[in-house]
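> Take a look at this one; I'll ask things after.
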Amino acid sequence: MKLKFSNLLFVLLIIIPLGCKKSDKIAVDFLITNVRVLDVVNNTINENQTIAVLGNRIEAIVLQEHIENYQAKTIIDGQGNFAMPGLWDNHVHFRGGDSLIPENKRMLPLYMSYGITTVRDAGGDITNAVLKWKEDIGDGSLIGPMIFTSGPKLDGENASWEGSLVVRNKDEAYSAIDSLEKLKTDYVKIYDSKLSKEAFYEILKESEKRGLMTTGHMPLSSDVLTATKLGLDGTEHLYYILKSCSPKMDSIEQINKGYGMLGAIAETYDESWANMVFDTLAMRNHFNTPTLYIGNILSNLADDDHSKDSLLPYMGKGIVKTYERRIKAAKAAKLSPNRLRSSMGRDKFAQMVKPMFDAGIHIMAGSDCGAYNSYVYPGESLIGELKALVEAGLTTQEALLTSIYNGPLFFNVENDYVSLEAGKIADILLLKKNPLEQINNLGSIQTVISHGKANDKNELFKMFTSSSM
């Protein structure tokens with residue numbers, strides 16, 4: 001009996017009783033035969049391989065000729081195509097309040113259709129729902145990427161984002177982190193809309209005591225080198241590292257406050273000074289998520305027409321409504337006399353990525369997609385970020401590592417992910433073309449294997465579009 005994924009051209013799923021009664025057969029759930037396994041870490045290809053999967057783990061990877069050693073009901077014939085680990089989007093948002101929970105949830109298959117098998121949720125206001133999805137995805141009752149979540153953000157009083165936990169002093173830092181530990185979140189995400197430098201440093205100290213990973217925004221009055229010395233593990237976006245790359249930082253800060261200083265910082269950017277900062281951050285095992293793609297989208301919101309975006313018709317009406325907030329802000333910023341200087345800061349971001357990577361800073365690919373981030377669509381935006389990282393000077397291999405290697409590394413779970421090997425989580429992509437040759441070849445993904453199940457890319461996309469709201 002043959003089972004066909006609809007619109008799947010190269011994968012043939014055949015149910016065959018391989019059930020030879022010999023006791024020396026190794027029983028597995030399914031075999032993926034005749035594939036070329038990509039070793040992204042070493043930039044090599046292993047030809048003519050068979051991948052045996054048991055549960056959600058890889059049981060073995062062997063040469064095709066050894067298939068007779070395994071007993072399985074299901075065989076996926078890869079027909080000589082490429083297999084690689086699933087992608088990680090290391091900065092997404094599930095948010096918008098209880099009324100947008102269904103619209104957020106229906107995005108999960110969309111991530112998968114682009115080969116994203118894991119996401120790092122960087123804070124929102126629907127934490128209980130996200131934690132339930134994480135549980136359901138883990139046990140296979142819900143289709144979607146595995147979720148690592150920070151839960152609510154930590155910020156100051158009257159924060160910009162709903163659901164943030166207020167931290168104004170040491171005691172409130174202690175209480176807020178207590179709350180995160182009770183929720184069993186995966187890390188601490190800090191935001192800076194109203195957070196003081198003093199409270200920010202208290203969060204870092206308390207998190208460091210408890211061995212919790214911290215990342216996020218920083219009050220611009222604070223300093224990234226001081227913060228990393230106190231235990232800050234990562235930064236989201238490049239504003240905070242850029243600020244430290246000018247030897248005139250202190251004098252500029254006396255005149256310009258907040259993000260308005262970034263134009264002047266960019267004008268006085270010093271390469272040798274920056275390299276010293278990068279080397280120090282690398283020595284401290286620092287992670288950074290540049291989010292170049294969303295920066296390009298949002299900086300052009302006032303001018304670009306997104307009405308013909310292919311994914312826009314399928315977005316939930318509630319999520320599209322949230323786009324108005326940034327669109328209005330972009331139109332207002334267009335009239336600002338500081339717009340040109342601000343754009344100089346953004347241009348500098350792309351120039352920083354390659355020297356940061358070469359210094360040893362752990363660059364992480366993250367899209368920052370989600371409600372309120374206008375026209376930054378799940379799945380598509382991570383591919384856009386990987387392309388932006390290549391345009392910024394990374395090789396295709398290096399760009400892929402920012403997703404599949406540095407994501408797991410942040411959570412210290414690289415022994416479970418990163419590569420296709422026996423014992424690793426079986427998050428596997430099957431592609432027609434080799435993405436190590438060209439990053440655009442990620443568009444040739446055909447099948448996404450996760451949580452012990454093979455999913456046709458087209459069927460995942462149909463699952464998303466058929467529930468459009």
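> According to the Cα gyration tensor, what semi-axes, each the square root of 5 times an eigenvalue, does the equivalent ellipsoid of the stretch 318-461 have, listed from largest to smallest in whole Å?
Ellipsoid half-lengths, sorted descending, are 31, 21, 14 Å.
> Still on this structure, I have one more. Take every Cα pair under 8 Å in the chain that's 6+ residues apart, average their separations, divide by the length, and report that relative contact order as a whole percent.
Averaging sequence separation for qualifying contacts and normalising by length gives 20 percent for the chain.
> How long are the semi-axes of the equivalent ellipsoid of the stretch 167-271, taking √(5λ) for every eigenvalue λ of the Cα gyration tensor, in whole Å from largest down?
Three semi-axes, in Å: 28, 13, 11.
> Over the stretch 245-335, what is the relative contact order in percent, taking alpha-carbon pairs closer than 8 angstrom and at least six residues apart?
Worked out over the stretch 245-335, it gives 26 percent.
> For the pair ILE67/LYS170, report the inter-label distance in nm, with labels modelled 7 Å from Cα in the Cβ direction.
Going from the ILE67 label point to the LYS170 one covers 6.6 nm.
> Using the heavy atoms of the protein chains alone and a 1.4 angstrom probe, what is the accessible area of the chain per residue in square angstrom?
41 Å²
> Which one, (1) 32, 30, 22; (2) 35, 27, 23; (3) 40, 23, 22, gives semi-axes √(5λ) of the Cα gyration tensor in Å as derived from the coordinates shown?
Of the labelled values, this structure produces (3).
> What do you get for Rg/Rh of the stretch 22-76 when both radii come from the Cα atoms and Rh is the Kirkwood radius?
Reported Rg/Rh (Cα atoms, Kirkwood Rh): 1.00.
> Starting from one equal scatterer on each C-alpha and no solvent at all, send me the Debye-based log10 I(q)/I(0) for the stretch 353-410 at q = 0.14, 0.18, 0.30, 0.31 Å⁻¹, two decimals.
Computed log10 I(q)/I(0) values: -0.38, -0.60, -1.21, -1.25.
> Then there is this: So what's the back-of-envelope 222 nm ellipticity for the chain, counting only DSSP H runs of four-plus at -39500 (n - 2.57) apiece and dividing by all residues, rounded to 500?
-10500 deg cm²/dmol
> Starting with the highest mean, order 245-252, 350-357, 135-142 by the number of other Cβ atoms within 10 Å, averaged over the residues of each peptide.
Going by the mean number of other Cβ atoms within 10 Å, highest first, we get 350-357, 245-252, 135-142.
> Further question on the same structure: Can you list the residues of the stretch 425-469 with backbone N under 17 Å from a point 7 Å past the Cα of VAL320, pointing along Cα to Cβ?
464-469
> Need one number: nm distance between label points at GLU208 and ALA329, each 7 Å from Cα along Cα→Cβ, rounded to one decimal.
That separation, rounded to one decimal, is 3.0 nm.
> Would you mind listing how long the stretch 35-114 runs along its three principal axes, going by Cα atoms, in whole Å with the largest first?
Cα extents, longest axis first: 54, 32, 20 Å.
> When the accessible area of the chain is computed with all protein chains present and a 1.4 Å probe, what percentage of it is carbon and sulfur?
Taking all protein chains in place, the chain shows 50 percent carbon and sulfur surface.
> Relative contact order (percent) for the stretch 51-175, with alpha-carbon contacts under 8 angstrom and 6 or more residues of separation?
Normalised by residue count, the contact order of the stretch 51-175 is 19 percent.
> When DSSP beta bridges are limited to those with both residues in the chain, what percentage is antiparallel, rounded to the nearest 5?
If I count the DSSP bridges inside the chain, around 50 percent turn out antiparallel.
> Once each part is reduced to its C-alpha centroid, what is the distance from the stretch 97-116 to the stretch 215-246 in angstrom?
Taking the Cα centre of each part, the stretch 97-116 and the stretch 215-246 sit 30 Å apart.
The values are calculated or read from the model by the stated rules, or taken from the named source; none is laboratory data. Here the structure is a predicted model, which is why all the values come from computation and not from measurement. Here Cβ is always computed from backbone atoms with ideal geometry, including for glycine, and neighbour counts include all displayed protein chains. With ligands, DNA and RNA removed, areas are computed over all heavy atoms of the protein, side chains included. Shrake-Rupley method; radii C 1.70, N 1.55, O 1.52, S 1.80 Å.
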